[in-house]
Amino acid sequence: MGDSASSSYVHKSLGGGSGESLSLTILADVLLWRNQSGAIILLVSSTGFWFLFERAGYNLLSFVSNVLLLLVAILFLWAKSASLLNRPLPPVPNMEIPEGFANKAADGILVLINHVLSVASDITIARNPIRLLQVSFVLWAISYVGTLINSLTLVYIVILLSLSLPVVYEKYQEHIDDKLNSTSKVIRNISRKIPIPVSKEKKYQ
């Protein structure tokens, strides 16, 4: 009973089961390993790309160019042989971005921009010390990690964490929530000791 409740909570938090966006539901199923074939494909493909570009030293631009060149040649030969042998043409899909998908992507970007602006407002206008500590820690962590590894390895690590952390949180949600609550209390106690400057209006006679 508790496992199903936490599972549905984590699944809904990742955007699954809402019925509004099928892509978010598919993504949530992949991250929680409910769609095992999709999760395995994502893990294997990301590992292959990381090994190809990071360890084998292959160049991304040349790789994309060679793949597109091979694809165009195969499609051309397929279409040419199909016209000669009275075979069906290659099933090339209609390469257009649907308007609904573009609107949803724009809405997602708008939500992200508004969230960033609200964080900036909390720091500059509301002078929230907790938000300042959070943003400072995240930026410092990104800067520190960026000095240790390159961007491709960082993307690969993010994919691995995305395929592991939601599953771990789904199984041990109560224990993790307890630890996060205790950590949040410690941060709040520390932030309360930080003096907040109070603006005083000057009175002119």
Next item on the list: Using only Cα atoms, locate the centre of segment 138-153 and the centre of segment 68-110, then give the distance between them in Å, rounded to an integer.
Entry: 37
Item checked: Calculated from backbone phi, Karplus (6.51, -1.76, 1.60) coupling profile of segment 173-181 in Hz, x at Gly/Pro -> 5, 5, 5, 5, 5, 5, 5, 5, 5
Checklist line | Full-stretch length increase - ILE97, VAL155 - with 0.36 nm per residue and alpha-carbon distance subtracted | finding: 18.4 nm
Note to self: Per residue of segment 30-37, what does 6.51 cos²θ - 1.76 cosθ + 1.60 with θ = phi - 60° give for ³J(HN,Hα)? Whole Hz please, x for Gly and Pro, Karplus curve as stated.
What the structure shows: 5, 5, 9, 6, 6, 9, 5, 5
Margin query: Could you sort the peptides 25-37, 102-114 by per-residue average Cβ neighbour count (10 Å cutoff), highest mean leading?
Written below: 25-37, 102-114
Check: For the cross-link pairs LYS12/LYS104; LYS104/LYS179; LYS12/LYS171, which exceed 24 Å when the distance is taken from alpha carbon to alpha carbon?
Finding: LYS104/LYS179
Checklist line | HN-Hα J in Hz across segment 122-129 - Karplus 6.51, -1.76, 1.60, θ = phi - 60°, x for Gly and Pro | finding: 4, 7, 7, 9, 6, 6, 7, x
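None of the figures in this text is laboratory data; all of them are computed from the coordinates on show. Predicted model, so just to flag it, every value in this text is computed and none were measured. No Cβ is skipped: glycine too gets one built from the backbone with ideal geometry, and neighbour counts run over all protein chains shown.
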